[in-house]
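First comes the structure, then the notes that go with it.
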Amino acid sequence: MIDPAAPRFRSVSPLPWVLLGCLAVMLPGCEPADLTPDDVEAGPRAIVVAVDALNEEIARSTLEPEEIPAIYGLLEGATCAEHAEPAFPSVTPASLATLWTGAYSDVSGAGAGQQHRLPRAEHTVLDRISGFDHRVLSAEPLWITGGLNGVPVAGHHVTQAPGTPAFLRLQEEGDQAGARDRREEAAGAMADEMVSVMNGYNIMVDPHRAIGPDDVTFTDSGEEGAGQWEGLETLESPVPPRTFWWETGAGRIHGVLYGGAEEDTGSGPAYDRVLVNTRQAVEDGVEARAVPVEGQVEPGAGSIDEAVDSDWRGLAPHVSPALEIPVDGGTVHLRVRLFDVSADGEDFLLYQPSMHIAESNRSALREGYEEAVRGWIGNSAFALYRDGALGPTLAEGGDGLAEARYLETAELMTRQFMRGSEWIWRELEPRLLLDYFPLSDAVDHELLGYLDPEWPDYEPELASRIRDVRAQVWRLVDLRVAHLRALAEEADAGLFIAGDHGMRASWLQFRPNVALANAGLLALDEDGEVDLSRTRAVAINGYWITVNRDVWQGGIVPEAEVGDVVAEARQAVQGLLGPDGEMVVTRTFTPEEYQSRFGIGGPAGGDLYWATAPGYRSSWVRTGSAVEPVSIWAGHGFPPDEPDMHTVFCGVGPGLEPGRFPAVGLNVVAPTVAEYVGLPAPRDATGRSALDAMAGPRD
């Protein structure tokens, strides 16, 4: 592995000597504020995309080159690290914060999906905050680096954005003035027109919905609202229109089922379409027609191939146009897909994608983005699929129809992400675009476990069918990568691809809180809640154990006793045996031993981390047994040095030489791409640029 502390520099374009010195040695005091915009010369443009859960070995062992040609093309034709190690725990908010800042969790402040809330003196050890929240960030991300140096940088649905980092780590370390100054400086950068940051994950107004007759109130039979629709006669329906409504987070939505001409339905009069609106009127409503899905066991192959041939615009062709709805804080867009409707209109399945407010650091940016994209969608409808709302799944004995329906939701998500990337890249022309795509993570959480022959309930025939469905979803991920590469190539720009972690199947659950309770380190009250007055250690998530130090509000352990409590906790978890009689926890880690290696700990982190045997995942559940069998699932969060948690770091474009170079940590990505486009590294980066390894000669 490349030593992250070793100085290295290779410039793709000329840089001023003051900047060269800063990049070459990465001195902690070398700050962007020492430079003026005139000091930062233009380098090549670049796109950086984080493909969630991309692990090279898993991709190669489960997918063929013809199924993901763009990804294989990068792995075999770009300059790539042997692998990249994620943050610890290997979870999305921690690793993506590392990608944007060049620092691991102890410095970045982002450690897990749910982590400790700072400052400690104002919160108990149980108080949690999302690791995706901008307030957890204590390190400078690349978009702020761009703003401080007068270089246009854009972030497309990046984590810990678009708010200003709080830099609470500095405050915890006693630097109140420093934290305040960094917040003010960052806020100024975020207000600069050079900075364009979008994030739609913070505010979901309404979730994905599968809507049937039992989910709506009909108004065509004398009930509330009957007869109040305007323009029904203009539909020229051969069957009586059936009107209804349902409630959403964006308000009441009105719909009408009706039929087309007999030559359209291919039979006699029948219901075959729906129109929806925010008011009871045909005018300005949007329509969707019931069109069968294109396949079952191998869903959607035709539509994806068509999308590739037509520059992705064939994706999700049967989803309605978008209906714009103003809401508090912004605008959302409603679409629907009519998957099925009975000829008599008594039964139907209507899919409504989730609705999000796309936040940004500037109102003009948000307005332009919404006008171009017409409703970004953050995730596909796997929750509906898992719950059987799209029909019986293959695992439940289904015939593939549910998977085919699900795939259309993934197509829509992919299309909307690509629309956003294209608009930002072409219209705003940033020198650096930071982008993200989570579909790969979603599909592997749901389906990868079925492919693991070590799973006790593994079924080869089911695995084969699920493998083909998974490949179709990964084909969409590949299409997204191909689109970004095309955008980069048309601008003679570089494309860098990285991931945030790998994936692992599990069917057993390790519950550290139960182990702590059994060891007398954690106490519950009569309601089953943690009693902090008697608790010395607790796991607030499934990734680490924290000592209830007296620096926390209500904490009881003095600093002098912390080491003893950690030792007891280590003994409690290492002594657990699984059903096979083998150790459940195979390794443990403390910040004192591994902070310099993995960047664990810090004010918002833990005191004890662990690795588990194959087949296990961890949970913060406090009841039951310390080890329990659970449903099949694939996940991450495991130690970053374990091969199935590895991810990738590759680059292709001007100045980059194809080939392989030694493994790196994800904290090299931000300094590397910063150097490539002519920026200084983010101020808090602990990694060093790997650009000379990527641009240098190959053996």
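A short reminder: the numbers here are calculations on the coordinates, not readings from a lab. Nothing here was measured: the structure is a model prediction, and the numbers come from that model. Here Cβ is always computed from backbone atoms with ideal geometry, including for glycine, and neighbour counts include all displayed protein chains.
For the reader, a short list of remarks on this structure follows.
- 22 Å tail of the calculated P(r), the stretch 205-429, as % of Cα pairs: 54
- Coordinate range of the alpha-carbon atoms in the stretch 573-614 per principal axis, descending: 36, 17, 14 Å.
- Each residue, Ser625 and Glu193, gets one label point 7 Å from its Cα in the Cβ direction; the gap between the two is 6.5 nm.
- Theoretical gain in end-to-end length, Asp531 to Ala121 [0.36 nm per residue, Cα-Cα removed]: 145.8 nm
- Taking every alpha-carbon pair in the stretch 579-699 and binning the separations at 10 Å intervals from zero gives 10, 30, 28, 20, 10, 2 percent.
- Rounded FRET efficiency, nearest 0.05, which uses the C-beta distance separating Ala281 from Ala343 and R0 of 35 Å: 0.85
- Were the residues from Asp214 through Glu657 laid out at 0.36 nm apart, the gain over their Cα-Cα distance would be 153.6 nm.
- Normalising the average separation of contacting C-alpha pairs (under 8 angstrom, six or more residues apart) by the number of residues puts the relative contact order of the stretch 510-635 at 32 percent.
- Between 0 and 90°, nearest 10: helix 460-490 axis offset from the chain longest Cα axis: 80
- Under 10 Å, Cβ to Cβ, from Pro152 - net charge with Lys/Arg +1 and Asp/Glu -1: -1
- Relative contact order of the stretch 205-429, defined on C-alpha pairs under 8 angstrom at six or more residues apart (%): 19
- Once the C-beta distance of Ala177 and Trp455 is scaled by a Förster radius of 60 Å, the resulting FRET efficiency is 0.65 to the nearest 0.05.
- Each residue in Leu349, Leu679 was given a count of other beta-carbon atoms within 10 angstrom of its own, and listing them fewest first yields Leu349, Leu679.
- For the stretch 388-428, with +1 on Lys and Arg beta carbons and -1 on Asp and Glu, the positive-most of Thr393, Gly420, Thr409 along the dipole: Gly420
- Student exercise, the stretch 510-635 dipole from Lys, Arg, Asp, Glu Cβ charges, in Debye to nearest 20: 400
- With Cα atoms as the point set, the stretch 520-639 shows a radius of gyration and Dmax of 14.6, 42 Å.
- Here Rg/Rh (Cα atoms, Kirkwood Rh) was computed from the coordinates, and among [x] 1.06; [y] 0.99; [z] 0.96 the match is [y].
- Proxy reagent accessibility, fewest Cβ within 10 Å first, across His501, His636, His208, His123: His123, His208, His636, His501
- Rounded FRET efficiency, nearest 0.05, which uses the C-beta distance separating Ala613 from Ile556 and R0 of 41 Å: 0.80
- Short-range pairs are left out: with C-alpha atoms under 8 Å and at least six residues apart, the relative contact order of the chain is 25 percent.
- Of all DSSP-defined beta bridges confined to the chain, some 70% are antiparallel rather than parallel.
- Fully extending the segment from Ala486 to Asp387, taken as 0.36 nm per residue of separation minus the present Cα-Cα distance, adds 31.9 nm.
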